[in-house]
Structures are given as structure tokens and as C-alpha cells.
Amino acid sequence: MAPRKSKGDGEEKAKPLTTTASSTVTQSMGSRTRSQTQQNGAKAAGSATKPVKLASPKKAKRKNSAIETGRAKKGKKEVEKEEEEPEVEDPTRTKIVIEHCKQCNAFKTRAIQVKEGLEGAVPGVNVTLNPEKPRRGCFEIREEGGETFISLLEMKRPFAPMKALDMEEVIEDIIKKIK
């Protein structure tokens, strides 16, 4: 849009200088638009008014980095090492592995239900969820280095074989086989 022409004998009336944060930042950087030059007349940017230096919007919004605040995240390997406490190998304890796919939350809820049921019913049982990277579409409950109680592999959505299981009966069957 073209600037308005001034009325009168060629002299501009003193217009109030209104600038936004972006125009002030551009002025401090040294680039000026034609309308800003006309508003200020023939004066240089710094001669009549003191240039205001504003922090760029990105710097103003940026928060302190995690290193500065002391809350730096640890790598996955370090976190895993802290969580895993060296367990004493007890040959009398039964170790059960539940491998469940991470594709859908239905696998996880059923795995947690089985884990809680077994740990509550059988004293001295050690249940682990996904000790290794799980297979896709897999829900498997097995004794470590031994018998497989349930093995549902390569299931496709909507995971009908797994959803058809009555988890209470599954837990009872596993308890009977362990004892």
C-alpha cells in the first residue's frame, strides 16, 4: 500500500513515531523501510532518538537449558543401569517371562494383569516383562529356559485371539503348572 500524500506546502506534520517490536528490531539491525525513512525525515536512525535494542523473540521465549538448571537427562543406558539392581540368582525362585508387543496398549494391560496376579498368588516368583525387544504381534508367557504357557504369535489387528482369552483362567492355569 502506498504511503499517503501530505497536504500543505510540502512540509510534513510531525507524526508520532509508533513502532512495533519487529520494526524496532529491524531498525537496530540497520535495515529501514521507505515508510520509516519518510517518518523520520532525513535524520539518521540514531541521531534524534536512542535506538532501543530488544532481545529477539526467540531468545526471550527460550528457557534455560537443562545443563544450566542441572536437570540434564541421562542417556538410556545410564538409566537402565541405575534401575537394574544386581539380583542375586536364586535357583529356587521361579522365573517367568511375559513378552508382549508394544503396538497396542491391550498387550500391556493384559501383561500387567498376569504379572500382578502371579506375584500375588505365588510367593517367590519373579515375573519380568519384555526383558528383550518384543516381537510384533506377540503375547507369550513362558518359564525362563523351560515351558511355554501361552504363545500367541504374529497376531493382526484387532488381536481377537488375545482378547478372547479369559485372563483369570490363564492366571489360574499358570499357577497350577508352577506349583
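Since every read-out is calculated from the coordinates, none of them should be taken as a lab result. These numbers come from a predicted model, not from an experiment. Every residue, glycine among them, receives a Cβ derived from its backbone with ideal geometry; neighbour counts consider all protein chains shown.
Things worth noting here:
- Filtering the stretch 104-121 to residues that are surrounded by fewer than 18 Cβ atoms within 10 Å (Cβ to Cβ) and either out of contact with any Leu (no Cβ under 9 Å at 6 or more places or on another chain) or of a type outside the set (A, V, I, L, M) (or both) leaves CYS104, ASN105, ALA106, LYS108, THR109, GLN113, GLU116, GLU119, GLY120, ALA121.
- Flag for GLU140 being in a strand (DSSP E or B), surrounded by 12 or more Cβ atoms within 10 Å (Cβ to Cβ) and of a type in the set (Asp, Glu): yes
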